[in-house]
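Report on one structure; see the data block that follows.
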Amino acid sequence: MTTARNIVLIGPPGAGKGTHAQLLEKELGIPHLSTGEMLREAAAQGTELGLKIKTLIDGGNFVPDEVMVPFVVDKIDSPECKNGFILDGFPRNLPQAQLLDKMMLERELKIDIVVKLQVPDTYITERILKRAKCGKCGHMFQIEKSEDVCPKCSSSDIIRRADDNLEAIKHRLKIYRTVTAPITPYYEDKGLLVCVDATRSIEQVAAFVRQAIEY
Ligand code: ADP
Ligand code: ADP
């Protein structure tokens, strides 16, 4: 049995990609590459480019491919990815999927598996509106009340995302259906796609994901 090393997680916003990428990172010892995190870090720098990125992501709009792709190339080429990576949030459209293939081929690498986390829209809005991240330990969880603390380390340093509001969610879901959805048949045709029912508990979904990456 082999465990996949170059893993792509896809699925709508709020499906659990970041949650499962974080779990896999711990389990497999290979890095979680989140394009959303890369962009949020760039936005926080406050440079001219950072401010442009912030306006785009806060409104739920994509960052142009020519800005996004170099972030991913730099990461994949970095020594931390020498044993593989878990990509979360990329590719998000067909040109990005084709570029990723080209980039991998040029490096004599390949994507081993694409795991799609499937959830209907009804779950997504609630998950996103309650999404929270601990600023101290990085744990991701669902916040019920504004005074809640991190369930893992009890820190009250809780981070909420500016784009996790109803208006931006609706917009992101629309973009997901029109621009991102075509990457599913693209990977299905390549025989790389495994779909997982992500409506179940985090533990159950993690078990499905683990099963999918062993082949
Ligand atoms: P994505 O990266 O796909 O946008 P996240 O991993 O950030 O999604 O998850 C969105 C929110 O939903 C987080 O608050 C996370 O704790 C929660 N979540 C993820 N998976 C599940 C699940 N299976 N059941 C309940 N809540 C979940
Ligand atoms: P979610 O999983 O909730 O959609 P992410 O953290 O993956 O959130 O992404 C946050 C935002 O960053 C996206 O809504 C989009 O504006 C931008 N973004 C992330 N990845 C990409 C990408 N591959 N191409 C273009 N924009 C991206």
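Annotations for the structure displayed:
- Residues that are more than 27 Å from ARG172 (Cα to Cα) and in a helix (DSSP H, G or I) within segment 68-101 comprise PRO79, GLU80, CYS81, listed in sequence order.
- Selection of segment 74-116 for residues being over 18 Å from LYS190 (Cα atoms), of a type outside the set (Val, Ile, Thr) and in contact (Cβ under 8 Å) with a residue 40 or more places away in the chain yields LYS75, GLU80, CYS81, ASN83, GLY84, PHE85, ASP88, GLY89.
- The listed residues are LEU105, LEU56, and the only one of them that is within 12 Å of ligand 2 (Cβ to nearest atom) and either surrounded by 15 or more Cβ atoms within 10 Å (Cβ to Cβ) or under 22 Å from ILE213 (Cα atoms) (or both) turns out to be LEU56.
- Residue satisfying all of: in segment 146-166; of a type in the set (Asp, Glu) and either within 15 Å of ligand 2 (Cβ to nearest atom) or under 25 Å from THR55 (Cα atoms) (or both); surrounded by the most Cβ atoms within 10 Å (Cβ to Cβ) among these: ASP163
- ILE158 out of contact with any strand residue (DSSP E or B) (no Cβ under 9 Å at 6 or more places or on another chain), modelled with pLDDT of 95 or more and of a type in the set (Val, Ile, Thr): no
- Odd one out for THR184 among (1) within 16 Å of ligand 1 (Cβ to nearest atom); (2) of a type outside the set (D, E, K, R); (3) part of a helix (DSSP H, G or I); (4) touching a helix residue (DSSP H, G or I) at 6+ places or on another chain (Cβ under 8 Å): (4)
- The number of residues in segment 109-145 that are surrounded by fewer than 15 Cβ atoms within 10 Å (Cβ to Cβ), within 15 Å of ligand 2 (Cβ to nearest atom) and over 24 Å from LYS26 (Cα atoms) comes to 2.
- Residue in segment 1-14 that is more than 10 Å from ligand 2 (Cβ to nearest atom), within 26 Å of ILE169 (Cβ to Cβ) and not aliphatic (A, V, I, L, M) present: no
The values are calculated or read from the model by the stated rules, or taken from the named source; none is laboratory data. Just so it is clear, the structure is predicted and the values come from calculations on it, not from any experiment. Every residue, glycine among them, receives a Cβ derived from its backbone with ideal geometry; neighbour counts consider all protein chains shown.
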